[in-house]
Amino acid sequence: MSTPSRSSPLALTVLALLHFQPLHPYGIQRLIKQWGKDQVVNVGQRASLYRTIDRLLTTGLVTVRETGRDQQYPERTVYELTDAGRSTMRVWLNEMLGAPKQEFPQFPAALSFVLMLAPEEALDVLEQRAEALAQTLDAHDKSLAEESDVHGLPRVTMLEGEYLRAMTAAELDWIRGVTGDLRSGRLSWSLEELSGFAQSTGQQALTGRTSSKPDHDLQ
């Protein structure tokens, strides 16, 4: 058996759920949604879940417990955690919790090229994002209140919800600061200046030369 070289949120989730009880794929998918883990794990397509289970099975982290069939459902394979899967789950969990990972989400990548828009265009699109984030923040607040007050779930089961709420609030606060600077003119740029800067640095890249200072000072 060879342990997978890298973890994934979905693989960790499968191992964690199988830690509590043997399950078939439909049961795993249903628990992910019932426990609200679909906020942090993408299970929109069941095929990705089956591929993950196959990989865990191939590497000996899970094993087939039984295959059953009844009149209402097609044949279902029930999986359970192996000792190797249990130890690997703890290794992955410690790594994911303790070591920040360099990730490449879409928003920072788009921000790095917001200069392609005119300042007024950037203001408009960022205000749209701020409005969407405000709605998401409200949804997080309602979800956390419902899970705590209505369902009586212990706080430790909702920590990812708290984290998502905190990250949403922080991003919303930052974007409101940027849009405020755009409205006041404290943040502005000229497409002509940026074009000159891009041409200068592009020429340096082609020739292999570097410069400690750009040819244009941007405000």
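If you go through region 138-171 and keep only what is in a helix (DSSP H, G or I), surrounded by 16 or more Cβ atoms within 10 Å (Cβ to Cβ) and of a type in the set (A, V, I, L, M, F, W, C), you end up with L144, M158, L164, A169. Being among the aliphatic types (A, V, I, L, M), modelled with pLDDT of 95 or more and surrounded by 15 or more Cβ atoms within 10 Å (Cβ to Cβ) is the requirement here; does L111 meet it? Considered against the rule, which asks whether it is among the aliphatic types (A, V, I, L, M), modelled with pLDDT of 95 or more and surrounded by 15 or more Cβ atoms within 10 Å (Cβ to Cβ), L111 comes out as no. If the condition is being of a type in the set (G, A, S), at negative phi and over 16 Å from the mean Cα position of the chain (by Cα), then region 134-168 contributes A134, A139, S143, A145, S148. Among the residues of region 1-25, those identified as modelled with pLDDT of 90 or more and hydroxyl-bearing (S, T, Y) are S8, T13. Against the list (1) under 17 Å from the mean Cα position of the chain (by Cα); (2) modelled with pLDDT of 95 or more; (3) surrounded by 12 or more Cβ atoms within 10 Å (Cβ to Cβ), the condition K37 fails is (2).
May I ask you to say which residue of L49, L10, L23, L56 is more than 17 Å from V156 (Cβ to Cβ) and in contact with a strand residue (DSSP E or B) (Cβ under 6 Å, 6 or more places away or on another chain)? The match here is L56.
With respect to the conditions (1) hydrophobic (A, V, I, L, M, F, W, C); (2) surrounded by fewer than 16 Cβ atoms within 10 Å (Cβ to Cβ); (3) under 30 Å from S184 (Cβ atoms); (4) in contact (Cβ under 8 Å) with a residue 40 or more places away in the chain, L93 falls short on a single one, namely (3).
The one condition from (1) buried (at least 18 other Cβ atoms within 10 Å of the Cβ); (2) more than 18 Å from M89 (Cα to Cα); (3) among the β-branched types (V, I, T) that I53 does not meet is (2).
The values are calculated or read from the model by the stated rules, or taken from the named source; none is laboratory data. The structure displayed is predicted, hence computed values, not measured ones. When we count neighbours, we look across all protein chains shown, and the Cβ atoms used for this are built from the backbone with ideal geometry, even at glycine.
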